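Any read-out appearing in this document is the output of simple, stated calculations on the displayed coordinates, not a laboratory observation. What you are looking at is a predicted structure, and each value in this text was computed from that prediction instead of being measured. Counting neighbours? That spans all protein chains shown, and the Cβs are built from the backbone with ideal geometry, glycine included.
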Amino acid sequence: MDGLHSTITLNNGVKMPRFGLGVWKTDNHTSRDSVATAIRNGYLGIDTARQYGNEQGTGAGIKLGLEQSGLKRSDLFVTTKLYNGEQGDYDQVSRAFENQLKDLGLDYVDLYLMHWPVDKTYLESYHAMERLYREGKIRAIGVSNFDNDRMKNLLDEAEIVPAVNQMEFNPTNQEHEILEFDRSHKIEMTAWSPLGGGASLTNPVIETLAKKYGRSTAQIILRWEWQRNIITVVKSTHGKRIIQNSQIFNFSLSAEDVQQINKLDQGKRALWYDDFQWHNPKGAFANSIAQWSDTKK
Ligand code: A2P
């Protein structure tokens, strides 16, 4: 039966959980608590990034969660991402990666993603990631926030096809063209902001479906993503919601209701290249890792 242990086989044969916890906008203390709560409650996928400034907290949460659940490191699937400001040649990327491992308290990661395609450095950085992958401390490599033009450029140059492209994906932003292109190249899409940053939770169509199925709006959306075969990482800092979000395996949406949600697409991205200039080496956040300062020092 489908559940938190359900996996998808990536293009290099590695199995990745189809559902996991994300920790964006979460300080170190909170991410430790959320990650440990998630692991105790059956989550196997954990997704963080250098940019989030919480790899130490995430690593502490992994350690605590493993102790509390009795699971082994190899039961989990940990994703982190190469930070925009640390892209560059092999020496640069390898130094960045080693520091990330140290902060996470891990000796390998399951998936290492390039967080954003910084225009001047993404090809060189990807080659560095390919080399790190071959060296064996990363089980799969991939990218995040790659549109089709940049993905085509990458595929022209790459020796290893990215296993994953992590994109914003939710009812009002469904990225049809990117999904189709990536799937045709055996690149799995992972959804960030699967709840539209919370905005989709009050969509009237979703609210009507929540009443019809007797579930929360979050569960309706997450179940829809499941039925669309999108790998999902959902963030919550509340224990009850972390548990509730994972309870989507004992009901299913009818084909018509999946269609209803499909029709909500407005191609409306929350954060994108031009708004935040993520692709620009001098753009926002290029040189600022911890956006969310630790409130509980
Ligand atoms: P919180 O961390 O306070 O629970 P997304 O993953 O689309 O970016 O959305 C995450 C937002 O949705 C967060 O603000 C999170 O807040 C909120 N959220 C996550 N799960 C639920 C839920 N089950 N019910 C209500 N809000 C939720």
TODO: Could you pull out the chymotrypsin sites (Phe, Trp or Tyr not before Pro) across segment 10-114 that fall in loop regions by DSSP (anything but H, G, I, E, B) with no more than 16 other Cβ atoms inside 10 Å?
DONE: Y108
Task: Three-way shape label, segment 14-275, alpha-carbon gyration tensor, a/c 1.5 - done: oblate
Task: Nitroxide proxy distance, nm - points 7 Å out along Cα→Cβ at V14 and V258 - done: 2.8 nm
Task: Charge dipole (the chain, unit charges on Cβ, about Cα centre) - positive-most of T80, L195, H29 - done: H29
Open item on the list: I need the trypsin sites (Lys or Arg not before Pro) found in segment 169-218, filtered to DSSP loop residues with at most 13 other beta carbons within 10 Å of theirs.
Closed with: K186
Open item on the list: Suppose we keep just the DSSP beta bridges with both residues in segment 14-275; what percent of those would be antiparallel, to 5?
Closed with: 5 percent
Task: Helix-derived mean residue ellipticity, 222 nm - over the chain, DSSP H n ≥ 4, -39500 (n - 2.57), to 500 - done: -12000 deg cm²/dmol
Task: Length gained when the stretch L71-F249 is fully extended (0.36 nm per residue, less Cα-Cα span) - done: 61.9 nm
TODO: Please give the contour-minus-distance gain from R134 to T208: 0.36 nm per residue of separation, less the Cα-Cα distance, rounded to one decimal in nm.
DONE: 21.7 nm
